[in-house]
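K.L.:
One structure, pasted below without further comment.
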Amino acid sequence: MWEAQFRDRFWSTDLTSTVGYDSIIQHLNDGRKNCKEFEDFLKERAIIEEKYGKELINLSKKKPCGQTELNTLKRSLDVFKQQIDNVGQGHIQLAQTLREEAKKMEEFREKQKLHRKKIELIMEAIHKNRNLQYKKTMEAKRLYEQRCRDKDEAEQAVHRNANLVTQKQQEKLFLKLAQTKSALEDSDRSYQQSVTTLEKIREEWQKEHIKACEFFETQECERINYFRNALWLHVNQLSQDCVQTDEKYEEIRKSLEMCSIEKDIDFFVNLRKTGSLAPAPVVYENYYNTQRNAAPVRSPVPVPISRRGPLPTPTSAPGEPDYATVDGYSLIHH
């Protein structure tokens, strides 16, 4: 079970000090700023992902890449370009997802700010009232202490001059003493009333301070939890994008496994072959002997076509059509 700590750790022995409260508020403001920074990070990442996605799509559609290839390798290249286009679309979708997450972070941040503002306004008002009453109480205390000194001085004057002044002067001294006592009583009552009022305000402030601390600590726990989960989700989204991208690349690898060197060579030979007989050697013919002894013409000998040794040949699916592009037209051979 989580044990609240803010309410027990952010006090000050100075009644008018707000050092503990200010420390909490500063921390909450820093947390809100950190959320804003992550929000901006997501937005910037979204811009990068979208730009990259669009560039990949443009590349796959506009940049030639083996456009005159034939048969199974041609098929693999078509799959390759289509999957690159799909990868680009995936990055654009990721960009939109990141913008949505940034929006959620903004809404959470503003919601916390709005709720916090209500508590802050209450605390600002009670701090102001408390400090004002404290100032009045200290002024009442100062006046009370001055009246005490005035009364003490009047008493001392009466005792000092008891046998040295005239009756009339003595009456004045007694009158002044009576006045200082009356003023002292008034200031004493005022001082006590101020202390009583201040104590009520202090108790109210203390209760509100505890409530504010509990509220702020709850908010901070929510913020840390939300921020942590948002970051976790962001990393998962990036991982998922990598997985989906690899699945698209796997389609290319599967297509390449079906690419057959032998089939592509045979397909090209059958499609473009021009003949199997090489030209006969050109022999010397003597002009004068042409009519009588024509030189025998050798039979044309086929020119052997050298091949490399056999290599492992990927298998094709049964019944899969061979196809190629010739002069811009797609041909399908069964």
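K.L.:
When the Cα atoms of the stretch 4-113 are enclosed in a convex hull and the volume is divided per residue, what value in Å³ results?
P.N.:
Hull volume normalised by residue count: 117 Å³.
K.L.:
Here are some pairs, LYS43/LYS248; LYS103/LYS248; LYS36/LYS111; LYS136/LYS200; LYS61/LYS254; LYS43/LYS111; which of them have Cα atoms lying more than 18 Å apart in this structure?
P.N.:
LYS43/LYS248; LYS103/LYS248; LYS61/LYS254; LYS43/LYS111
K.L.:
Return one number: the angle in degrees, 0 to 90 and rounded to the nearest 10, between the long axis of the Cα atoms of helix 261-272 and the longest principal axis of the Cα atoms of the chain.
P.N.:
50 degrees
K.L.:
Which percent of the accessible area of the stretch 145-253 is formed by carbon and sulfur heavy atoms (probe 1.4 angstrom)?
P.N.:
Within the stretch 145-253, the accessible surface is 52 percent carbon and sulfur.
K.L.:
Quick one: which of LYS33/LYS118; LYS113/LYS135; LYS151/LYS172; LYS135/LYS211; LYS33/LYS104 span more than 22 angstrom between C-alpha atoms?
P.N.:
In this structure, LYS113/LYS135; LYS135/LYS211 exceed 22 Å between Cα atoms.
K.L.:
Next up: Give me the percent of accessible area attributable to carbon and sulfur for the stretch 13-132, probe 1.4 angstrom.
P.N.:
C and S fraction of accessible area: 54 percent.
K.L.:
With a probe of 1.4 Å, find how much accessible area the stretch 142-219 has per residue, and write the answer as a whole number in Å².
P.N.:
For the stretch 142-219, the per-residue accessible area is 68 Å².
K.L.:
Could you provide, to the nearest whole Å², the per residue accessible area of the stretch 14-67 with probe 1.4 Å?
P.N.:
Averaged over the residues of the stretch 14-67, the accessible area is 62 Å².
K.L.:
Would you mind checking the radius of gyration and Dmax of the chain based on alpha-carbon positions, in Å?
P.N.:
Considering the chain through its Cα atoms, Rg and Dmax are 49.0, 186 Å.
K.L.:
What ranking, highest mean first, results for peptides 237-247, 45-55 when packing means the other Cβ atoms within 10 Å averaged over each residue?
P.N.:
Descending packing order for the listed peptides: 45-55, 237-247.
K.L.:
To the nearest 10 degrees, how steep is helix 167-257 against the longest Cα principal axis of the chain, on a 0 to 90 scale?
P.N.:
Its long axis makes an angle of about 10 degrees.
K.L.:
Something else about it: Where does the chain land at 222 nm, in deg cm²/dmol rounded to the nearest 500, when only DSSP H runs of n ≥ 4 count, each adding -39500 (n - 2.57), divided by all residues?
P.N.:
-27000 deg cm²/dmol
K.L.:
Right, next: Could you tell me the relative contact order of the chain? Use alpha-carbon pairs under 8 Å, at least six residues apart, and round to a whole percent.
P.N.:
Relative contact order here is 25 percent.
K.L.:
Dipole of the stretch 119-160, Cα-centred, from +1 at each Lys and Arg C-beta and -1 at each Asp and Glu C-beta, to the nearest 20 debye?
P.N.:
Here the size comes out at about 20 debye.
K.L.:
If you don't mind, there's one more thing I want to ask. Given CYS35, SER194, VAL87, which one lies farthest toward the positive end of the charge dipole of the chain, if we put +1 on the Cβ of every Lys and Arg and -1 on the Cβ of every Asp and Glu?
P.N.:
SER194
K.L.:
With θ set to phi - 60°, apply the Karplus curve 6.51 cos²θ - 1.76 cosθ + 1.60 along the stretch 91-97 and write out the HN-Hα couplings as whole Hz, x wherever there is a Gly or Pro.
P.N.:
For the stretch 91-97, the Karplus curve yields 5, 5, 5, 4, 4, 5, 4 Hz.
K.L.:
Continuing with this model, one more query. Karplus couplings for the stretch 102-113 from phi (6.51 cos²θ - 1.76 cosθ + 1.60, θ = phi - 60°), rounded to Hz, Gly and Pro as x?
P.N.:
Once rounded to whole Hz, the list reads 5, 5, 4, 5, 4, 5, 4, 5, 5, 5, 5, 4.
The values are calculated or read from the model by the stated rules, or taken from the named source; none is laboratory data. All figures in this text were calculated on a predicted structure; none of them were measured in a lab. Every residue, glycine among them, receives a Cβ derived from its backbone with ideal geometry; neighbour counts consider all protein chains shown. Surface accessibility is based on the protein's heavy atoms, side chains included, excluding ligands, DNA and RNA. Shrake-Rupley method; radii C 1.70, N 1.55, O 1.52, S 1.80 Å.
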